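Report on one structure; see the data block that follows.
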């Protein structure tokens, strides 16, 4: 059995992670921490999950947790993990960080976009970007895994085959992504209040969203050269889910057959990729699963491809992908503890 710990266990991503780990037949949870709810039991904060897990919630102590855990999940806001993770901790246990601190390989890019210092920048060289479908081999040997962001997961997986196979003009990339409100976290924010979100649809972080450099970093790797993207996130009045609509100009001679072949070759045998061809994905198709559903259309009139990717932002976009990373790292069946389908789309 793998002993797991979760720091930040009562946020939306953290609680989803606790639920998945509690039902995982190869895992026992040995440590839960939540600064906001120290002294309470997990089931007091989430009564619906009390029968799965009702451990006491402790003050955050990554040193103590690393002494008893084989894997430690950090579900913390950016700027915190970089102050807590050390080489000594990594020598004792695997760390999977659900935050942003170890995702960007260049700490100067992190400082620029997050306006935060990075005291653990020396660890970036050993951090592995945990987008499982693209970095599985490196994940198998990693002690520090940077779990990707939610917008980035849907965007990168949707566009990677098109760039990896050189089918589109990299200078033409535009990504419009829409997310449910759980993506903003559980902390109290005026912009996330019911009356602000309900019956509303809005863009935010226009030209400034912090997932932009993460998308650019990974797509540049697939492309083989640096590129930039135009990324605009939107907030949708639903609890969970992300739909990323990606646009790119096709290179001469590229059509639907080449697009389909690229996706089939990139994602052949991938358990959590659902290729829908010219059918278009919807968030309800993947709700409560660890699946990324991808569909596309070629617009011959404009010579563009419109590719769409849908995920559950709390599962494939956060907790589920973290469990998938754990499964890979510890040599387990990659699908263990993770759903690939829902009983009903309703």
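Miscellaneous remarks
- The angle separating the long axis of helix 12-22 from the principal Cα axis of greatest extent in the chain is about 70 degrees.
- Listed from fewest to most Cβ neighbours within 10 Å, the set 73, 42 follows the order 42, 73.
- The smallest convex shape that holds all Cα atoms of the chain, its convex hull, gives 136 Å³ per residue.
- Put in line by how crowded their Cβ is, counting other Cβ atoms within 10 Å and starting with the fewest, 3, 181, 245 read 3, 245, 181.
- In whole angstrom, segment 151-311 maps to an equivalent ellipsoid with semi-axes of 28, 17, 14, each derived as √(5λ) from the alpha carbon gyration tensor and ordered largest first.
- Antiparallel DSSP beta bridges within the chain, as percent of all bridges there, nearest 5: 45
- Alpha-carbon centroids, segment 318-343 and segment 65-133: separation in whole Å: 20
- The residue 299 and residue 198 beta-carbon pair, evaluated with R₀ = 41 Å, returns a calculated FRET efficiency of approximately 0.75.
- With Cα atoms, 0 to 90° folded angle of helix 256-267 axis to the chain main axis: 20
- Computed FRET value (nearest 0.05) for residue 171 with residue 41, which takes r as the C-beta separation and R₀ as 45 Å: 0.25
- Angle in degrees between helix 320-329 and the longest Cα principal axis of the chain, rounded to the nearest 10: 80
None of the figures in this text is laboratory data; all of them are computed from the coordinates on show. Just so it is clear, the structure is predicted and the values come from calculations on it, not from any experiment. All Cβ positions, even for glycine, are placed from backbone atoms using ideal geometry, and neighbour counts span all protein chains on display.
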